[in-house]
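Enquirer: For reference, the structure I am asking about is given below.
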C-alpha cells in the first residue's frame, strides 16, 4: 500500500502561535504551515487540526511532579490557548481534535479518523516542537504511522530545543523535510 497522507497541525492556536512582533519567528512557522495546508487542500489531502483545551475547573490537568517549572504554575490560571489561527482554518471539511495532553493520540478520536480516512502518513507541524509535536510523533511511530516532520512549520520552546528535536529525535522516528520539500513530495505523490 502506498502512502496516504494527512496534515496534522498541532496547537496552532492564538496564545501559542500568533506572532507578537514583526521579527517573531512564528511568522515563518505560519507561512510554512499555510503553504503546506494550501497544497494539501488542493490535492484533497485531509487536514486535521488539534486544539488544546481545558476545563474551567481544571479537572483533567496534568499534575505530575517534574523538575522543570511549568509556564503556568498558578492553579488560578486557566489554560486557554484560544482558537486555531483563522489564517489556517479550519474549513468546514477539516477535522478538529480537542485534546487535553501534549499528544492528540491520548484519549481522543484522532486514531478513529485516521483509520476511517485510511491515512498512514502524517505531515506534522505545530508548536512547540519539543513537546506537543514530538509527543505526537513518538505516539504515531509507536502505532506504525509514517511521519514527515516539517521543520520550518514548527517552533520549539527555545531555538535550542527545536534544534535538538530536529537533529536527534525526529530523524529516528520520522523523515524531516522543509515545507518546500513537503509541497514537492505532495505534488509528486498525487
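Enquirer: Under 6 Å by Cβ, and 6 or more places apart or on different chains, what pairs join a residue from the stretch 31-51 that is at pLDDT below 95 with one that is assigned to a helix (DSSP H, G or I) and surrounded by fewer than 17 Cβ atoms within 10 Å (Cβ to Cβ)?
Expert: Pairs found: none.
Enquirer: Restricting attention to the stretch 142-165, report how many residues are assigned to a loop (DSSP other than H, G, I, E, B) and under 12 Å from the mean Cα position of the chain (by Cα). Explain how you work it out, then say what you get.
Expert: From the stretch 142-165, those assigned to a loop (DSSP other than H, G, I, E, B) are 143-145, 155-158; that's our starting set.
Checking the rest, the ones that are also under 12 Å from the mean Cα position of the chain (by Cα) come to 155-156.
So the answer is 2.
Enquirer: Return the total of residues in the stretch 120-133 being outside any loop (DSSP other than H, G, I, E, B), under 26 Å from residue 187 (Cα atoms) and touching a residue at least 60 places away in the same chain (Cβ under 8 Å). Show your work before the answer.
Expert: From the stretch 120-133, those outside any loop (DSSP other than H, G, I, E, B) are 121-126, 129-133; that's our starting set.
From what's left, under 26 Å from residue 187 (Cα atoms): 121-126, 129, 133.
From the residues that got through so far, the ones that are touching a residue at least 60 places away in the same chain (Cβ under 8 Å) too are 121-126, 133.
Going through the stretch 120-133 one residue at a time, the tally reaches 7.
Enquirer: What number goes with the only condition from (1) in a loop (DSSP other than H, G, I, E, B); (2) in contact (Cβ under 8 Å) with a residue 60 or more places away in the chain that residue 8 does not pass?
Expert: The number of the failed condition is (1).
Quick grid of which residues meet (1) in a loop (DSSP other than H, G, I, E, B); (2) out of contact with any helix residue (DSSP H, G or I) (no Cβ under 9 Å at 6 or more places or on another chain); (3) touching a residue at least 40 places away in the same chain (Cβ under 8 Å); (4) under 17 Å from residue 164 (Cβ atoms):
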site	(1), (2), (3), (4)
96	no, yes, yes, no
101	yes, no, no, no
105	yes, no, no, no
111	no, yes, no, no
118	yes, yes, yes, no
137	no, no, no, yes
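Enquirer: Can I ask one more? Quick check on the stretch 166-177. Is at least one of its residues under 17 Å from residue 5 (Cβ atoms) and part of a loop (DSSP other than H, G, I, E, B)? So that I can check it myself, show each step before the final result.
Expert: Filtering the stretch 166-177 down to residues under 17 Å from residue 5 (Cβ atoms) leaves 170, 173-177.
Okay, now just the ones that are also part of a loop (DSSP other than H, G, I, E, B), so 174.
So far as the stretch 166-177 goes, yes, one or more of its residues are under 17 Å from residue 5 (Cβ atoms) and part of a loop (DSSP other than H, G, I, E, B).
Enquirer: When only residues in the stretch 163-190 that are without any contact (Cβ under 8 Å) to a residue 40 or more places away in the chain and buried (at least 21 other Cβ atoms within 10 Å of the Cβ) count, which is nearest to residue 68 (Cα to Cα)?
Expert: So, considering only residues that are without any contact (Cβ under 8 Å) to a residue 40 or more places away in the chain and buried (at least 21 other Cβ atoms within 10 Å of the Cβ), the one nearest to residue 68 (Cα to Cα) is 165.
The values are calculated or read from the model by the stated rules, or taken from the named source; none is laboratory data. Keep in mind that what you see is a predicted model, and the values were worked out from it rather than measured. Here the Cβ is made from the backbone with ideal geometry for all residues, glycine too, and neighbour counts use every protein chain on show.
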